[in-house]
Each structure stands twice: as structure tokens, then as C-alpha cells.
1. Given 0.36 nm per residue, what is the gain on full extension from residue B:25 to residue B:57 after removing their alpha carbon distance, in nm?
2. Below 8 Å, C-alpha to C-alpha, sequence gap of six or more: please give me the relative contact order for chain B in percent.
3. Sort the protein assembly as shown into rounded, prolate or oblate with this rule: let a ≥ b ≥ c be the square roots of the eigenvalues of the Cα gyration tensor; rounded if a/c is under 1.5, and if a/c is not under 1.5, prolate when a/b is larger than b/c, oblate otherwise.
4. Averaged over all directions, how much area does the convex hull of the C-alpha atoms of the range A:148-223 cover when projected, in nm²?
5. From the Cα gyration tensor of the range B:163-310, with a ≥ b ≥ c the square roots of its eigenvalues, which class applies: rounded if a/c is under 1.5, or else prolate if a/b is larger than b/c, or else oblate?
6. Give me the distance in nm between label points sitting 7 Å out from Cα along the Cα-to-Cβ direction at residue B:326 and residue B:167, one decimal.
7. Rounded to whole Å, give me the distance from the Cα center of the range B:279-309 to that of the range B:318-362.
8. Please work out the ratio of the alpha-carbon Rg of the range B:334-471 to 2.2 N^0.38 Å and round it to two decimals.
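Values quoted throughout were computed directly from the atomic coordinates according to the rules given, and no laboratory measurement underlies them. In this text, all values refer to a predicted model and were calculated from it rather than measured experimentally. For neighbour counting, all protein chains shown are included, and Cβ atoms are generated from backbone atoms with ideal geometry for every residue, glycine included.
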């Protein structure tokens, strides 16, 4: 199935918000690194992914720092409480030096845009994000990481290791191209946080969300 | 009458470039609603067109016929033989729509709709808007407006407007696109007062057909336009506007834009942080910055920016020399320049030696240079000092600050200094209204002249092509 077919199927099924587990499966197919699933050892995170609850932690649907067995048990408990969800057990990312947000949306005036800035809890610093037209070339994505107050976080504050900016710029560009090519089907896409490791060590998408556009016939009705 | 097919109609619709070429240099103009009655739009349009010396053919159109403003009037557009480059609609809305419909059967290139009463009138204009859109769907001409203040092009002595705010402009490198006629008038008047030359002004009104983006693209391809000044409230095809702006700025031209109606992030529910973080106003600032558009906070700051850019000189760096006839204004200018990211460096020793011929011991030859009141008795001193600091290899931009001017020689010496350098020069003249001197020598050279350090700072920021906001 092509990416577009997957998106069209979701849209046809009446989905509006596509939960993390499905969003990550699709993003993985376009080359976005995601955490290893169902690891046999190491520290794990267990999540319950459900289209109706995109903000999982607000509903107690994220459990961190578990052993593989504990994670399975936690997933089973959450599955009982939230029917229709998909349990996700992943390896916890321990080596990140920065958390970033990458988001795309259709702006009413300029069409597809891409945003990148400090992620995780730092998204509350809304002024720190850089915005460009999508698709953004890798060079443009690089400029987003060298401008604004977020730039210093990636350089490494107070002796911290600098983050892998090349990998992050590549991801920003890749997501912006994917979004711009499918902006008729997707109204928003967001990866938050991207766990960025030290220079040369890559990154991983810890959480992701895709918001689908209404179907063409519904769009006509709404205007 | 047999209706021509839609395909034939679309085939003979002029391109944007063909229509605007015709609009800015028309051979024949028909003014629908031309009138002898003072106070009517059509009377004002015809009178301004005539009094500004337009050399082409003007045909007033009025159902009563006869002679208007000394010209033979037609009773109806259909009485006119041959092609009409421009039809101006200056009647009440019903008659304007009838005339627009008539235009679909004639050989017309472009219609300028001064008439109001469409979408801007809300529910009352709804039916008119529907009819307008239906006519425009396959009209064989292009439309500026409606609900606009018109089109002005000094080089063609062309004033298609009812507003006297655009009188007496010089031809030059600045094009203006404005969704508000009144703001176009305000900006044109101020640019005119400073001697800044205007290529064309289009009040684009409701933009039913031709949009700010179309116009920006056209001016980008126009070799006579170096700077485009835009006032926009709603960008109808923002993507095209952004792409056109990027082409212009990459080609070394400048776009200065005021976006009216700033708003906070949309109140509609958002599913993601992205929605909340990319509010409308932040996106506009970001896209303008990305595409090289200088965003001005308001229209007067935009005029200040354009004034500096229109002179056509680009600085090699950010080092500013300020010479002043008074300490206080020099200090204020220095503060503003530094907080805008400019350096006000110590001058070269040779420059300081040259300056010391003119500056008394109680003045200062460091930067800012304080010439003191000695200039009142020596009217050429400021000009000579400006020349000396502009020649300093460590100076990229020179600013001369003067107050009241006792003598015409004073201004002539400044104009000479401007001619002897290629570096950008800004002049702050706080007392032009209290001076025994004319600024004409400065205006005819389009030397940027400001009435306060803060206004000059807006010009300075634009000069550095800091593609951020100008305040």
C-alpha cells in the first residue's frame, strides 16, 4: 500500500486524529527513525494510543522506566480501561541531548508551512519556534536550527555536547516534503518530541500525531 | 445575440502582463459616470485625468451625452468605435455592473472599478458581488478593484482616481500596491514630499480579479521598478505573493510591506501544538523574513524604509558615521543606530584630521561628530564634513543631522557631498519648516531626508536589508 493509500484509507474510515502507533508506522516508512518496539531487555515505555486521546499523559496513558515484563502488564491494564486503543511498548530513549518539535500545518494565507523549535515541555515557549514555507529544502532546515533562541540549545549549553543538527535538519526537510505532497489529505502533522542525540549519533521520534483533512465532500459542505 | 462560448472568451482574456501594460500606458480611456456635477466620483476622475495632462484619448460616458469637461461624451460604451485600453467605472453600483456587462461584448483590456457596494458592503452587497463574479467568470478583460481608489502612473501623466492625494508625483523607481486607497494616498503624499519617484500606484480594492500577488509579480518583471511598497490586509493568494516576493528580492529589488489587521493565533480548536505555535501573525512575519520582505509596523515606517531604499545605494556593511550640528540629536541617533544593530565606530585618523579643520575645540571629531553652532556662520561646513566622513574606508553609511538652516548654500553643499560618494547618505533635517532654504536640491536627487532620528532609524534598518521588522 502506498503512503497515500494508507492516508486515504484512514480518511475513509472516518478518522480525524491518527494516534501515535499508526502515525509512527507510516512515518517509519518514509525514513523517520522511531524507537525499537517490544524490546526483550532494557528500560521501556508503555503507552496506550487512541484517536480520541491524543494528549496521552493527561489521561495517564504513558508509563515510563519499566522492565519489559512490567511494560506488558501496564499495557494490558491500560487496554482494559480504554477499549479500541492500540498498546505500544517501546525502548526508552536515554541518550538525547535535546528535545525538539517538528510540526506542519496548512496556513490560511500561505498554504503548507513547517515549524521547528525546542520540544517537550519547552513547546510552551511558543516564540522560540522557527517557521518556514513547506516544503523546506535541507539548507532551509539548517537555517531554522541556526536562528532564534533555540539555536543555542542545539549548540550545547554550558559544556553539553552539541546535538546532531544534520540529522535534525534532514528530518525537518523530509517531514515538510511529505506534508506538502499530501497536504490535501493531512491538515497537521507533528513529531514532539524528537529525541536528538549528540552530533553524529542521530535521533528518534518519541511521539507523533497526524491530523487528517476532512474528505473532499465534507470540505465543500463546511464552506 | 448569440453568446460566444466560454472557451472563446477565455482565449481572448488578456494576461496580467498584457492588461497591466495597457493600464499603465493607455491610448484610450473611457470614464463611465463622467459628470458635470461637482462631488460625483466620475466628475472628479475626469477632472483629475484632464488636469494632470494625460495625452491619450479620453471618452466620457454619460447617458445624457453632450460635452463634459470640454470633451464629447458617449451615451453608452457601445457607441465607442475601436479598442478601449481602460474603462473606469465611477457610477453607482447598478450602473457599474451594467457597464461591466457591456464591456464583455467590447474590445476592452482592463476595467478599473472605483465603484463600491460589493462584498465590502456585507449582506447589502451580496447580490452585486454574485453578479460581479458571474460577469468576471469568463470576461475577456481584467479588473482592478472594485471598491478601489484607482491607478496612478506619473510617467504617463495618468491619474485614474477621484482622490487629489496623488497629485504632483515624480516618475521613479517605487511601485505601490495598496488594498486601502486612503493609505495609498497617505504614503504617496509623504513619498512625494520627499522627492521619492513613483513608477505606479495601484489601489487594488476588493481584488476580485487582479490581486496584490499578480501586481507584485508584474512589478518584479518591470525594469523600471526597484522597490515595491505594499499595504495588505488580506492576502488572497498568499503563496503566490510569497513566491513573487522571493523572486524580486533575489533579483536585488526590495519589497516593503505593511500587513494591516494583525491577529493572534486563530481561536478555532487546535489538535496540536503546531496549530497554537504557528499563529497567523507569526507565520506572516516568518514568511516575509524568509522571502526577503521587509515588514513595516505601520504605513509611515514603511514610507521611511522606502525613502532610504529608493535612492538605490546599498551599504557594504553596518558601520555608521553620524555628524550633527548639535550634541543631543547625535546622541539620540547613535542610540537608535546601535540598538538596531549598527556600529558607530571611531573614525580613521586621517578623517579626524580632515574634520578638525572645521570642528572647533569644544566640538568632537570622534563619532558621533559634533560640529557645534560654528556651522551657522559657515554654511558649507556640514557638506564638507559629510564628504570627509563618507570618504572614510571604515564608514558604510553616513548620516548628517541639521536643524534650522540659515542659508541655501548649506543645502547645496549637502547635495554636493551626496553626489561625490556612492555610499548611502541619510539626512535628518528637524527644522525644514523653520529654514531659509529649499530642500529641492535634495529632493531632485532623492536624497533620503527625515524629520527625526527615529524616522531615519527606520530607513537605516531597511538599508541594511535586515529582513526583519521596521519600527
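1. Between residue B:25 and residue B:57, full extension yields 10.4 nm more.
2. Across chain B, relative contact order equals 11 percent.
3. oblate
4. Mean projected area of the Cα convex hull: 6.5 nm².
5. prolate
6. About 3.4 nm separates the two model spin labels.
7. Going from one Cα centre to the other spans 29 Å.
8. So the Cα radius of gyration is 1.00 times the expected 2.2 N^0.38 Å.
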